[in-house]
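Here is the structure we will look at.
Read the figures in this text as sums done on the coordinates, not as results from a lab. The model shown is predicted, which means the values in this text are computed figures rather than measured ones. Note that we place each Cβ from the backbone using ideal geometry, even for glycine, and neighbour counts take in every protein chain shown.
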Amino acid sequence: MKRLILSFTALLCLLVSTPVYAAYNPLATACGANNGAAQGSTACSSSTTTNPVTNVLKNVSLFLAFVAGIVAVIIIIFSGFQYMTAAGDAQKLSRARSSLIGAIVGLVLIASAETIVIFVISRL
């Protein structure tokens, strides 16, 4: 049980810190309007056109992953409450444990599915 809690905490720390690294854009400072050093390079002058279909797909998948993640966290909290209030009843403990494990597995699947979707959409 301690291993499960420790691994879940480590996974949560990794998932929480990821958006911070993803928000940093090194090209914004290099290609900036304040006489950036790389203003004339091909990296700064790349003109990519975005497909509206891929934007809609990305937004829908992000929304669905967000909602599913919230539901999974609510199930984790609820099953933790069930686990604490089981009062030693083996059937209640096993039901709470199975729903807790299912919610954690679901959360991992949601995160990996969203990663795959973002990877595939970025290649379109």
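The table for this structure:
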| item | result |
| --- | --- |
| Estimated inter-spin distance, V73 and L6, nm [label 7 Å along Cα→Cβ] | 2.5 nm |
| Approximate spin-label separation F119-L57, in nm, with each point projected 7 Å along Cα-to-Cβ | 1.5 nm |
| Enclosed volume per residue, in Å³, of the convex hull spanned by Cα atoms of the range 50-124 | 57 Å³ |
